[in-house]
């Protein structure tokens with residue numbers, strides 16, 4: 001009897017699956033293309049064809065194809081000839097709600113794939129990895145990117161955990177990829193130990209939240225929270241679960257006090273890997289944090305004048321707590337960078353500081369969403385997306401120059417950068433553009449990015465005055481950061497080159513790459529491209545607050 005009644009249920013599920021599967025697969029094509037590229041790299045390694053077709057070409061072609069599918073989706077999708085399915089930007093659930101396909105998903109796919117193309121090109125120029133290790137290196141690089149693409153589209157707590165781990169595990173190996181170097185092995189070990197601890201904490205947090213709310217779907221968290229009376233043990237449990245999930249995301253973002261792995265990992269890893277982790281991990285983790293934090297702010301359908309018991313305190317505490325963590329991260333990152341002598345370690349602390357700036361935008365978004373100010377919440381998210389895009393070019397540019405100069409002078413110490421402007425003027429000018437943009441000086445893209453992030457935070461001060469204080473801290477940190485960035489430029493442009501030091505003579509291809517990465521920093525600071533990118537970021541943020 002029970003078996004007979006269950007047959008229609010399975011038939012219904014099967015019919016629904018076969019009906020939606022073609023469209024879901026089509027929307028998931030960029031990730032599938034990268035998976036196919038990984039398989040091609042592994043087969044090439046197994047069959048020996050990588051001797052004739054270098055791994056970087058396979059990785060680059062696969063990434064460009066995936067980027068093409070993502071770009072087509074951003075333009076509205078293409079109809080398949082065999083099935084009536086399109087990859088539209090309108091919000092839709094994929095694979096029974098495990099993933100979400102919306103404007104922000106497509107924005108971050110383009111972000112990650114464009115960055116991956118630039119990183120692969122950099123590795124070809126810098127020679128890391130060599131031809132023998134190339135397939136292994138690019139397999140790890142693409143595997144981490146697939147995990148990050150799942151992070152930006154995750155709509156289920158299980159996928160959240162799996163995606164973070166899928167992005168993290170290849171990253172551990174990439175940090176220690178240079179065999180025989182004690183610094184790389186030690187950095188990778190520290191990264192693994194901290195990552196394992198953060199993963200365990202986050203997994204326990206997801207189980208607490210899912211068990212208490214009765215659902216693991218992220219887009220249902222807000223509705224389930226509004227149905228609960230958040231007092232007593234219930235409030236303590238949800239707070240503990242949320243904090244544990246945020247620990248895992250804070251680890252990926254290298255936020256204080258979960259930043260310990262970052263300086264050691266960046267110093268021990270090749271500059272190419274450090275640049276990849278500093279941008280891609282940040283972008284994917286911020287996308288995931290925005291989705292989760294937006295739900296914890298409460299359902300947008302509930303008018304702010306109708307309070308939900310305990311929810312107001314949760315949202316405000318979360319917003320102020322994240323804001324304080326952001327302020328602490330930017331302050332610590334900038335102050336700790338002063339004493340660094342290794343340029344990769346200095347840029348690692350800079351990465352911590354910039355994660356703190358962007359976290360302020362997420363903090364303000366929670367307040368705005370909880371207060372019912374949807375427009376302000378969208379401005380906060382679009383500001384973070386704009387910042388991340390500019391950050392892609394200025395941080396990648398800095399790490400790329402470090403990698404190319406390393407090949408010339410065989411050092412990554414700031415003291416060995418003295419007098420480089422006379423030997424490699426283009427690279428040094430490009431480094432000045434990147435560093436001044438990281439400071440936030442006009443008319444560079446970093447200035448516009450900081451304005452777009454901090455302006456909504458300042459406006460959120462009308463909801464809670466603590467936001468005004470956080471903006472003040474961010475502005476002070478901007479001034480502080482100028483001094484340690486100037487140390488690098490003083491060494492390059494003002495100090496004399498010591499006798500007996502290796503001569504830096506980058507070739508024309510290196511100069512062309514550095515110029516291509518640096519030019520967008522100028523365009524995003526003083527050109528119509530500002531408006532186009534800002535509009536794209538606003539469109540990406542719109543689906544979050546429907």
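If only residues of the range 165-184 that are buried (at least 18 other Cβ atoms within 10 Å of the Cβ) and more than 30 Å from residue 541 (Cα to Cα) are counted, the one that is modelled with the lowest pLDDT is 178.
Considering 60, 43, the condition of being more than 20 Å from residue 150 (Cβ to Cβ), in a helix (DSSP H, G or I) and touching a helix residue (DSSP H, G or I) at 6+ places or on another chain (Cβ under 7 Å) is satisfied by 60 alone.
To keep it simple, each residue is scored yes or no on (1) touching a residue at least 24 places away in the same chain (Cβ under 8 Å); (2) out of contact with any helix residue (DSSP H, G or I) (no Cβ under 9 Å at 6 or more places or on another chain); (3) surrounded by 24 or more Cβ atoms within 10 Å (Cβ to Cβ).
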| position | (1), (2), (3) |
| --- | --- |
| 400 | yes, no, yes |
| 407 | yes, no, no |
| 410 | yes, no, no |
| 432 | yes, no, no |
| 447 | yes, no, no |
| 455 | yes, no, no |
| 458 | no, no, no |
| 466 | yes, no, no |
| 470 | yes, no, yes |
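Among the residues of the range 138-164, the one identified as surrounded by fewer than 18 Cβ atoms within 10 Å (Cβ to Cβ) and farther than 24 Å from residue 40 by Cβ is 158. With the structure loaded, tell me whether residue 204 is assigned to a helix (DSSP H, G or I), touching a helix residue (DSSP H, G or I) at 6+ places or on another chain (Cβ under 7 Å) and over 28 Å from residue 101 (Cα atoms) or whether it fails that test. The answer is no for residue 204. Count of the range 185-223 residues, restricted to those that are buried (at least 18 other Cβ atoms within 10 Å of the Cβ), without any contact (Cβ under 8 Å) to a residue 60 or more places away in the chain and over 15 Å from residue 243 (Cα atoms), is 2. Residue check: residue 34 meets all listed conditions (1) part of a helix (DSSP H, G or I); (2) modelled with pLDDT under 95; (3) under 26 Å from residue 162 (Cα atoms) but one, namely (2). Can you tell me which residues in the range 512-531 are more than 22 Å from residue 425 (Cα to Cα) and under 21 Å from the mean Cα position of the chain (by Cα)? Result: 524, 530. Scanning the range 528-544 for residues being surrounded by fewer than 16 Cβ atoms within 10 Å (Cβ to Cβ) and either modelled with pLDDT under 90 or not in a loop (DSSP other than H, G, I, E, B) (or both) gives a total of 4. Within the range 162-184, the set of residues being over 19 Å from the mean Cα position of the chain (by Cα), in contact (Cβ under 8 Å) with a residue 40 or more places away in the chain and in a helix (DSSP H, G or I) comprises 183, 184. Would you be able to say whether some residue in the range 491-498 is without any contact (Cβ under 8 Å) to a residue 12 or more places away in the chain and either in a helix (DSSP H, G or I) or out of contact with any helix residue (DSSP H, G or I) (no Cβ under 9 Å at 6 or more places or on another chain) (or both)? The answer is no, given that none of the residues of the range 491-498 is without any contact (Cβ under 8 Å) to a residue 12 or more places away in the chain and either in a helix (DSSP H, G or I) or out of contact with any helix residue (DSSP H, G or I) (no Cβ under 9 Å at 6 or more places or on another chain) (or both).
Residues are listed down the side, and each one gets a yes or a no for (1) at pLDDT below 95; (2) over 30 Å from residue 233 (Cβ atoms):
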site: 298; (1), (2): yes, no
site: 325; (1), (2): no, no
site: 360; (1), (2): no, yes
site: 366; (1), (2): yes, no
site: 370; (1), (2): yes, no
site: 377; (1), (2): yes, yes
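The values are calculated or read from the model by the stated rules, or taken from the named source; none is laboratory data. From a predicted model like this one, the values you see are computed outputs, not experimental measurements. Here the Cβ is made from the backbone with ideal geometry for all residues, glycine too, and neighbour counts use every protein chain on show.
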